[in-house]
Amino acid sequence: MEWIYFTLAAMLLWTVVNIFDKYIISHELRDPMMVTTVFGFVIYLVFIVTSFIFDGAQVLDTEVKFASIIAGILYSVALWFYYYVMKREEVSRFVPILASEPFIITIVAFFLFGERFKLLNYAGMALIVIGAIVISIKKHKKKIKHKHLLFFALFSVILFASRNILFKFATTNPSDFWAVMFWTGVGGIIFPILLFVFHHPHLRKQGWEGVYHLAFNALLSGMAVIFFTKAISTGTVSLASALLATKPMLVFLIATFLSFFHPKIMREKITRPVLIKKTIAIILIVAGGICVVL
């Protein structure tokens, strides 16, 4: 059951990250390449530094080292696609696509790692995903301007799912955990360096404020990745990913709180029909979470 606590810790941190992301991208730093560069530099330095703090010996089998490096590269590219989509359209348009990650991971892990569960667990996964879609999706008057964003969103989900699968493969031996994080950092930081070399925009004062805020956000996200990777290494990647998918519920609750008490930071439209819909979604998510951990 240790994996549950690590997953919950990651979920809490990523909830804060998602809330801050929305504000930073909307108000302070609107360049997805710059966002990926700053976010990438910080998050991978977190991996590298913490790995040396907790375990200075970075010795791994060649295949595990290679998997870790690829996981870092895929994570960097996934971040760019995610921020690219988020900058051009509301993320709520792509909720069904983004919510499909647990299903992708469960199917792959079934064949690759032999992860098989009770029917109740699978039902819980389905309830969580349905609830996440209901709580996050919105009605939009205008259609999506750029259809290619649908493929970009799907591609980012596939990359995030692949990263988690590679993490599970690389951390089969618990003693390799910190070495895996080190080489993930080494692989991941390559993409931000390339972006910095070929894309170095001039920032105004507000842009620099966004950089500082994003760096702090990346620090939190780096800690979240470490916790979630620990959850994957001590449990199953399928159940950990499914439990993490309950995050939209926390995002909604915090966003609602901020809308009432700090509307300058975030303002969400809260009406009676919306609250009814969200309440139903929360019930589905909570029920699904219970089924997953039983």
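The values are calculated or read from the model by the stated rules, or taken from the named source; none is laboratory data. Here the structure is a predicted model, which is why all the values come from computation and not from measurement. Note that each Cβ is placed from the backbone with ideal geometry, even for glycine, and that neighbours are counted across all protein chains shown. Ligands, DNA and RNA are stripped out before the accessible areas are found, and what is left, the full protein with its side chains, is counted by its heavy atoms. Shrake-Rupley method; radii C 1.70, N 1.55, O 1.52, S 1.80 Å.
Using r as the Cβ-Cβ distance of TYR212 and LYS138, and R0 as 25 Å, what FRET efficiency do you calculate, to the nearest 0.05?
On the way: r = 30 Å, r/R0 = 1.22.
E(calc), rounded to 0.05, equals 0.25.
Students often get this wrong, so check it: of LYS118/LYS278; LYS138/LYS277; LYS65/LYS168, which have C-alpha atoms separated by over 18 Å? Numbers along the way, then the final one.
Numbers: LYS118/LYS278 28 Å; LYS138/LYS277 11 Å; LYS65/LYS168 13 Å.
The answer is LYS118/LYS278.
Which length gain, in nm to one decimal place, applies between ARG272 and LYS118 when the Cα-Cα distance is subtracted from 0.36 nm times their residue separation?
Numbers: separation 154, 0.36 × 154 = 55.44 nm, distance 3.71 nm.
Here the answer is 51.7 nm.
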| For labels at ILE130 and GLU63 in the simple 7 Å Cα→Cβ model, what's the distance in nm? | 4.0
| note | Averaged per residue, the 1.4 Å probe accessible area of the stretch 150-200, protein heavy atoms only, in Å², is roughly 44
